[in-house]
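For reference, the structure is listed below as structure tokens.
Every number here is computed from the coordinates shown, using simple stated rules; none is lab data. Keep in mind that this is a model prediction, so the values were computed, not measured. A quick note on method: Cβ atoms are made from the backbone with ideal geometry, for glycine too, and the neighbour counts reach across all protein chains shown.
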Amino acid sequence: MKWSGYKNLEELSEHDDADLDHLKRRITFAALVIIFFVTIIFGRLWFLQLHMGEEYRHRADNNRVRMRAIAAPRGNILDAKGRELVTNRPSFNVVLVREDSNDVDKLLKKLALSLDLDISVLWDKIRDASSKPRHIPIRLLEDVDWETLAYVENHNQEFPGIRIETVPVRVYHYGNLAAHAIGYLGEISKKELAARNSDIYAGGDLVGKMGLERLREKDLRGEKGSSSSEVNAKGFEQQLLKSVEPLPGNDIQLTIDAELQKVAEDLMASGDKAGAVVAMEVKTGRMLVLASSPVLPLNQFVGGISHKNWNALLENPKHPLINKVVQAMYPPASTYKMITAMAGLTAGVIDADTVFYCPGHFKFGKRRYHCWKRSGHGAVNLKRAISESCDVYFYQVGLRIGVDRLAEMANKFGLGHKSGIEMEHEKSGLTPTKAWKKKRRGQKWQEGETLSVAIGQGFNLVTPLQICLMTATIANGGKQLFPQIIEKVTDPDGKVLEQLKPVVVSELKGDKALLQQIREGMEEVVEGRRGTARNIRIDGITIAGKTGTAQVVRLKQYKHLKEEDIPYKYRDHAWFTCYAPADDPEIAVTVLVEHGLHGGSGAGPIAKALLENYFADRLQKAATEEDSRIEAAGQER
């Protein structure tokens, strides 16, 4: 019995050891499982707290803190005398932050009803911004009036998510003055936003769309500020935490004289004329007037132009969207005759005393090429040919030179290529050559075509700016100057960042004596007894100029009609270009009036008015001195 009991005890011991081992294994497994899950938990905590901590901290702050960008005031634009052309004013926009509104549909219905708005327009703006994050404000109304502003502010608790946003918008102190040069702003497009620095631009920003507003965007835009505010659960601001003021853009002073520009634009607007007026300093290249007519209605672009107004501009037959100073091209007509004369003098085929007889026409081959004066000018030398604009004289000079040498001289005066002026989409014009016609049209040049080119017709095309540059080059003795429209750029502290310096592009060396002969003929145009612009004379200032009548189309059915009875679109364009004073030139003026018929009567008076304004102080002084002299002479008697 003893051994049997002992055996049972031994079996019991072995059994207990097996249970203990099993229990240990279970405890070990449980411990491993616990350790595994604890490790996962601690790993997740580490990931959330350390690795993702900054992001979640930012998200948490966003639930409590609302950050927004503050638009910077754009730089001012001034005229040559420091007068403010474009500045800024505050504009108040009604915006929606979807993150702060639980029921956008209910909110928009209430807002539309309260403000008498078309709810479909509001929904269109919501849909357009559907891809934007919910915390980004959506502009529902722009540049609202004080009544709307006051109502929204006083009832803000009724419109969760609706806020008032203050942004600077442009103020045009002179209306549409120099609109094509200055340009306008518009909301940044998706394409523009994708191509620009996201640290600087965001959806809804206003950017330059045309003119200097676009070309000088970097100078004018400034740097945005920012503010951080604590908000409650409905998004209403509780307190301002931090604010960084925006940095205004740089100011740009133009070379354009606002007073002269206004004279030009008012005269073009009188009678609803279309065309361009350009004026520049002949010794510096400063552009004083850059007027394109009809002007752009800049105020329609503030806050975004409507489809109705945009379509009206597109459909206007006088094309106000085209900057006619540099984008429209016309036959130069008789203003080109100085090129033909200079080419003839340089080539030696004529001199000042060379005489051609004008019977009123020139026969070449089987065709007669008429002079504008059908009765003829008789015996004509260079000075008289320029002053009376004899076509027959220049027909013969052109034939002796040839089209290629005409083109070579035209290029020296800036025709046939872009000037590089700081304006958009400048056209190069067209100075035809034999090679050009062969390449472009696959045809041989006909000598009869040279006759048309020699008097500024045919394939010839120029911009008003090019004719003004040509005139300035003649006036200053052969220096082709780079046309500039920026006088200086200054930062908000008044530091000058950029200053105009005259740039000579090229110079006609050794031809000053020949140019003087051209200048004498141009002086006769205005000051001569038979000059084609003798009605432009101003007592006290000697003017040198040239008229031009550019044929638009030759239609036999209108040949016998009075000019005023010819349909507007078929009337000739009117040119007048000049400089003054003739003995010591300061300013060059070029006027192109579309379908204005004659240069002397259609374009000349505008140039005269500009010169009278430019020389007003000098003319007044001369008049006062003359009155004093007459008074003194009377007392002596």
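Compute the length gained on full extension between residue 143 and residue 616: take 0.36 nm times their separation in residues and subtract their Cα-Cα distance, giving the result in nm to one decimal.
On the way: separation 473, 0.36 × 473 = 170.28 nm, distance 4.17 nm.
Computed gain between residue 143 and residue 616 is 166.1 nm.
Given R0 = 30 Å, the distance between the Cβ atoms of residue 509 and residue 425 translates into a calculated FRET efficiency of 0.35.
Model label sites at residue 500 and residue 223, defined 7 Å from Cα along the beta-carbon direction, differ in position by 3.0 nm. Give the lysines whose C-alpha is closer than 18 Å to that of residue 190, dropping any in the same chain fewer than 8 places away, or say none. Partners found: 125, 132, 209. Relative to the longest principal axis of the Cα atoms of the chain, helix 104-115 runs at roughly 50 degrees. Helix 53-64 versus the longest principal axis of the chain: what angle, 0 to 90°, nearest 10, using Cα atoms? In the chain, helix 53-64 runs at an angle near 80 degrees to the longest axis. The stretch between residue 368 and residue 270, if pulled fully straight at 0.36 nm per residue, gains 31.4 nm over its current Cα-Cα span. The protection proxy used here, the mean number of other Cβ atoms lying within 10 Å of each residue, ranks peptides 285-297, 538-550, 23-35 as follows, highest first: 285-297, 538-550, 23-35.
Between the range 92-153 and the range 415-432, the C-alpha centres lie 47 angstrom from each other.
Phi angles of the range 602-608 translate, via the Karplus equation with coefficients 6.51, -1.76, 1.60 and θ = phi - 60°, into HN-Hα couplings of x, 10, x, x, 5, 4, 4 Hz per residue; Gly and Pro are given as x.
Once you have a ≥ b ≥ c as the square roots of the Cα gyration tensor eigenvalues for the range 122-278, tell me rounded if a/c is under 1.5, and otherwise prolate or oblate according to whether a/b is larger than b/c.
Values: a/c = 2.22, a/b = 1.92, b/c = 1.16.
Because a/c hits 1.5 or more and a/b exceeds b/c, the range 122-278 counts as prolate.
Residues 598, 135, ranked from the fewest to the most other C-beta atoms within 10 Å, line up as 135, 598.
Residues whose amide H lies under 5 Å from that of residue 364, counting only those 5 or more places away or on a different chain, are 369; hydrogens are built 1.01 Å from N in the peptide plane. Once mean projected area of the Cα convex hull in nm² is calculated for the structure shown, the corresponding label among (1) 41.8; (2) 29.8; (3) 54.2 turns out to be (3).
Could you work out the relative contact order of the range 484-542, using alpha carbon pairs under 8 angstrom and six or more residues apart, expressed as a whole percent? That works out to 16 percent. Once backbone amide H atoms are built at 1.01 Å from N, residue 204 has 188 as its partners under 5 Å, excluding neighbours fewer than 5 places away on the same chain. Counting only alpha carbon atoms, the long axis of helix 337-347 and the longest principal axis of the chain meet at about 70°. Here the Karplus relation 6.51 cos²θ - 1.76 cosθ + 1.60, evaluated at θ = phi - 60°, turns the backbone of the range 524-529 into coupling constants of 5, 4, 9, 8, x, 5 Hz, with x for every Gly and Pro. Estimated purely from DSSP H runs of n ≥ 4, each contributing -39500 (n - 2.57), the mean residue ellipticity at 222 nm for the chain is -11500 deg cm²/dmol once divided by its residues. Computed from point charges on the beta carbon alone (+1 for Lys and Arg, -1 for Asp and Glu), the dipole magnitude for the range 114-164 about its Cα centre is near 480 Debye. Taking every C-alpha pair closer than 8 Å and separated by at least 6 residues, the mean separation divided by the residue count of the chain gives a relative contact order of 12 percent.
Evaluate the relative contact order of the range 396-531 (contact order divided by residue number), counting alpha-carbon pairs under 8 angstrom at least 6 apart; express in whole percent.
22 percent
Taking amide H atoms as placed 1.01 Å from N in the peptide plane, the amide H of residue 210 lies under 5 Å from those of 184, each 5 or more residues away in sequence or on another chain. Summarising the label geometry, the points placed 7 Å from Cα in the beta-carbon direction at residue 151 and residue 379 lie 8.6 nm from one another.
Counting only DSSP beta bridges with both residues in the range 152-309, the antiparallel share comes to about 100 percent.
Each residue of the range 375-385 was assigned a 3J(HN,Hα) from its phi angle through the Karplus expression (A = 6.51, B = -1.76, C = 1.60, θ = phi - 60°), giving 7, x, 9, x, 6, 10, 9, 4, 4, 5, 4 Hz with x at Gly and Pro. Summary of the geometry: the range 519-541 and the range 325-404, compared by the centres of their Cα atoms, lie 19 Å apart. Cα centroids of the range 253-315 and the range 435-484: 26 Å apart. Approximating the spin labels as points 7 Å out from Cα along Cα→Cβ, the residue 189-to-residue 537 distance works out to 5.5 nm.
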